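The values are calculated or read from the model by the stated rules, or taken from the named source; none is laboratory data. Just so you know, these numbers come straight off a predicted model, no measurement behind them. Cβ coordinates were reconstructed from backbone atoms using ideal geometry, including for glycine residues, and neighbour counts include every protein chain displayed.
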Amino acid sequence: FARQDNEAMLSCEVAMQYNNGYTENVLVFANNIRNIDGGTHLSGFRTALTRTMNYYAKNNNLLKNGQVTTGDDLREGLTAVVAVKLADPHFEAQTKVRLTNPEVGSFVETTINEQLGHYLEEHPAEAKRILNKAIQAAAAREAARKARELTRRKGALSGSNLPGKLWDCASKQKESTEIFVVEGDSAGGSAKAGRDRNIQAILPLKGKILNVEKARLEKMLAHEEIRTIISALGTGIGIDEFDLNKCRYGKIILMTDADIDGAHIRTLLLTFFFRQMQELFHKSMIYIAQPPLYEIKVKGRKKSEYILSENQMHKRMIARGLEGTELVFRDGKKGKKTQKVSDKQLAGLVKDLAEIERAIVVLSRRGIKFADFVQAYYDGTRLPQFRVCVEGQEEVYYDKAEYEKRLDELNDSIKTEGEEAIVGEDLHEVARINHINEKLKADFGLDIKDFLLKPAKTVSGESVATKFGLINGQEKYDIASLGDICAGIRQIGGKGIEIKRFKGLGEMNADQLWDTTMNPATRTLLRVAIDDAGEADRLFSILMGDDVEKRRNFIQEHALEVQNLDV
């Protein structure tokens, strides 16, 4: 919608879109400056939207049995941009976070009243879908109100709003206290035994919590673990009821297992806090604990070493394995040493080979067997980065321009209405493999095909010397292929140590949990900050919402930006 008044030197543009989600995301601008706290243009938009929608609903008998839809109901799942331009803008502060011109509010309100009203009359099917969604939101709001009242009554009858599973701290000095939201009852028990009871409260959660991105408020409030969190913090939830001043703790620390399941639970918790208690992020109150995934015991040492992740474990084994180790190249027929790799070169080579290892794992998840892929398509310098499947047949392309041209040709040939477009695949991992292959050729005279080498034997059955060898002190290791070098280095690094992988927080005793994760003097905490709430909102919607296609596209688009992927 757009409207311009040259005499008043005012113009207004509004773009609106409804989706299947439950959150409102309205961005407002004045003279191209975003006003994060809203202002008269936002209030005018909201007032007009509510009035126009309700007027249409009543006139078309869409509201039954005295149903009432509020502005919040009508804005559920709405994404909108409201942009105004005016000659003399007035803002609440120098940062221009809020527009205060009263004439702008009435101008935007009139614009929406007229143009949205016309749109609804001209598009009755879309209008009915929007209003049906709002009616469902109203029913959910009423159910949530009843659930909140029930929760309050239970709290009043019990004499305390604190959940029974909360182990509270003794101190009442909010700034110095912290609550650990812990994955699992077993881990909660260990945390309780190991904590500083004066300042640390423990709240164990059982199982995965609800994904609030896909649930309305009444379903959320029916979820026991979410009700427990709300009760323990004491802030209430939502725009109308959340009160940061009532928060009972200075820090909220999410402590989940160090594995992928723990990461999932942590993400669900972050989604809940972002959607219902976002101000906690702005006040730097949300933290992530860093429990270890591995314990390493070195022979002859009393003190254990703790490793946070699979990726760090690989790096630690590589670092140990490189100590005093040299790599040699051999003549394949005579077995004589032809080249020795320096310590510095070996460290760089192993880093590159580890990156190829990770890329091979990701390719395997795409259904690509690396050895077969190399045998079929390696042209002596590079592998194809792009592929298209046409009628069950795979086509690969080394050049992006040729790949895009082929996609255009295929999609231009689609004649049947409703037939799906052909979508190609950009193999991001191959780009890194090709880049590293160039380095291998230039620095060592090696080739990606050296990954495919296997142990060989003579006709008489004698073993042929492998192309590579590792030497560590008096011990020698035959290495058949380029891809086996990292495994050999890790094998050397694992000598003389005992490795324990924690299946979960519950496997650590109270002392271990305190020393590694809870002791303020020695622990590492990650503070969760939000620099751009609008972008955060978009990402939560994509990654935690119902749209699988958007999520897949996002992952493919940003695959190369991943730095610490455990595979």
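Spot the failing condition for residue 151; the list is (1) hydroxyl-bearing (Ser, Thr, Tyr); (2) modelled with pLDDT of 90 or more; (3) outside any loop (DSSP other than H, G, I, E, B), and only one is missed.
Result: residue 151 fails condition (2) only.
When you go through 436, 471 one by one, which is the residue that is assigned to a strand (DSSP E or B) and β-branched (Val, Ile, Thr)?
Going through 436, 471 in turn, the sole match is 471.
From the residues in segment 260-307 that are touching a strand residue (DSSP E or B) at 6+ places or on another chain (Cβ under 7 Å) and part of a helix (DSSP H, G or I), which one is nearest to residue 249 (Cα to Cα)?
280
Restricting to segment 195-218, what's the tally of residues that are within 24 Å of residue 25 (Cα to Cα), of a type outside the set (A, V, I, L, M, F, W, C) and either in contact with a His (Cβ under 9 Å, 6 or more places away or on another chain) or surrounded by 17 or more Cβ atoms within 10 Å (Cβ to Cβ) (or both)?
3
Test residue 418 against the stated conditions and say whether it is in the same structural domain as residue 484 (by the TED database), modelled with pLDDT under 75, over 20 Å from residue 394 (Cβ atoms) and of a type in the set (Gly, Ala, Ser).
no
Do any helices (runs of 4 or more DSSP H) lying entirely in segment 482-567 carry at least 1 residues that are at pLDDT below 90 and surrounded by fewer than 18 Cβ atoms within 10 Å (Cβ to Cβ), and which ones are they?
Qualifying helices (runs of 4 or more DSSP H): 533-544, 548-557.
Looking at (1) outside any helix (DSSP H, G or I); (2) over 26 Å from residue 534 (Cα atoms), find the lone condition where residue 85 falls short.
(2)
Residue-wise test of (1) modelled with pLDDT under 90; (2) farther than 19 Å from residue 518 by Cβ; (3) not aliphatic (A, V, I, L, M).
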site	(1), (2), (3)
209	yes, yes, no
213	yes, yes, yes
224	yes, yes, yes
238	yes, yes, yes
241	yes, yes, yes
253	no, no, no
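Can you tell me which residue in segment 161-175 is nearest to residue 511 (Cα to Cα), limited to those that are assigned to a loop (DSSP other than H, G, I, E, B) and charged (D, E, K, R)?
168
Which numbered condition in (1) modelled with pLDDT under 85; (2) outside any loop (DSSP other than H, G, I, E, B) is the only one that residue 460 fails?
Of (1) modelled with pLDDT under 85; (2) outside any loop (DSSP other than H, G, I, E, B), only one is false for residue 460: (2).
Kindly list the number of the only condition in (1) assigned by the TED database to the domain that holds residue 370; (2) buried (at least 16 other Cβ atoms within 10 Å of the Cβ); (3) modelled with pLDDT of 80 or more; (4) not in a helix (DSSP H, G or I) that fails for residue 396.
Condition not satisfied by residue 396: (1).
Please determine whether any residue of segment 68-81 is in a helix (DSSP H, G or I), in contact with a Ser or Thr (Cβ under 7 Å, 6 or more places away or on another chain) and more than 28 Å from residue 130 (Cα to Cα).
No, segment 68-81 has no match at all.
Are any residues in segment 81-103 surrounded by 15 or more Cβ atoms within 10 Å (Cβ to Cβ) and farther than 11 Å from residue 30 by Cβ, and if so, which ones?
Of everything in segment 81-103, just one residue is surrounded by 15 or more Cβ atoms within 10 Å (Cβ to Cβ) and farther than 11 Å from residue 30 by Cβ, namely 81.
How many of the residues making up segment 176-212 are part of a strand (DSSP E or B) and of a type in the set (Val, Ile, Thr)?
The total comes to 4.
Condition first: touching a strand residue (DSSP E or B) at 6+ places or on another chain (Cβ under 6 Å), closer than 21 Å to residue 121 by Cα and either at pLDDT below 95 or among the aliphatic types (A, V, I, L, M) (or both). Can you find one or more residues in segment 47-59 that meet it?
There is no residue in segment 47-59 that is touching a strand residue (DSSP E or B) at 6+ places or on another chain (Cβ under 6 Å), closer than 21 Å to residue 121 by Cα and either at pLDDT below 95 or among the aliphatic types (A, V, I, L, M) (or both).
For segment 280-293, does any single residue satisfy the condition of being under 24 Å from the mean Cα position of the chain (by Cα), of a type in the set (Lys, Arg), surrounded by 18 or more Cβ atoms within 10 Å (Cβ to Cβ) and in the same structural domain as residue 537 (by the TED database)?
no
Please determine, by comparing only the residues of segment 226-254 that are over 23 Å from residue 72 (Cβ atoms) and in contact with an Asp or Glu (Cβ under 7 Å, 6 or more places away or on another chain), which one is surrounded by the most Cβ atoms within 10 Å (Cβ to Cβ).
So the residue we want is 249.
Kindly evaluate residue 331 against the criterion of being in contact (Cβ under 8 Å) with a residue 24 or more places away in the chain, in contact with a Ser or Thr (Cβ under 6 Å, 6 or more places away or on another chain), among the charged types (D, E, K, R) and farther than 29 Å from residue 291 by Cβ.
It is true that residue 331 is in contact (Cβ under 8 Å) with a residue 24 or more places away in the chain, in contact with a Ser or Thr (Cβ under 6 Å, 6 or more places away or on another chain), among the charged types (D, E, K, R) and farther than 29 Å from residue 291 by Cβ.
Of all residues being outside any helix (DSSP H, G or I) and among the charged types (D, E, K, R) in segment 1-57, which is surrounded by the fewest Cβ atoms within 10 Å (Cβ to Cβ)? Just the residue, please.
Here the residue is 7.
Considering only segment 420-448, state which residues are of a type outside the set (A, V, I, L, M) and within 20 Å of residue 328 (Cβ to Cβ).
Within segment 420-448, 439, 441, 443, 444, 445, 447 qualify.
Does at least one position in segment 371-379 carry a residue that is within 14 Å of residue 479 (Cβ to Cβ) and not in a strand (DSSP E or B)?
Looking for residues that are within 14 Å of residue 479 (Cβ to Cβ) and not in a strand (DSSP E or B), one finds none in segment 371-379, hence no.
Where residues in segment 320-370 are in a loop (DSSP other than H, G, I, E, B) and within 35 Å of the chain's Cα centre (by Cα), which of them is modelled with the lowest pLDDT?
If we take residues in segment 320-370 being in a loop (DSSP other than H, G, I, E, B) and within 35 Å of the chain's Cα centre (by Cα), then 366 is modelled with the lowest pLDDT.
Residues of segment 213-242 being outside any helix (DSSP H, G or I) and either aromatic (Phe, Trp, Tyr) or in contact (Cβ under 8 Å) with a residue 60 or more places away in the chain (or both), which ones?
215, 216, 222, 234, 242, listed by residue number.
Tell me, which residue of segment 499-510 that is among the charged types (D, E, K, R) and out of contact with any Ser or Thr (no Cβ under 9 Å at 6 or more places or on another chain) is farthest from residue 288 (Cα to Cα)?
Taking the candidates together, the pick is 501.
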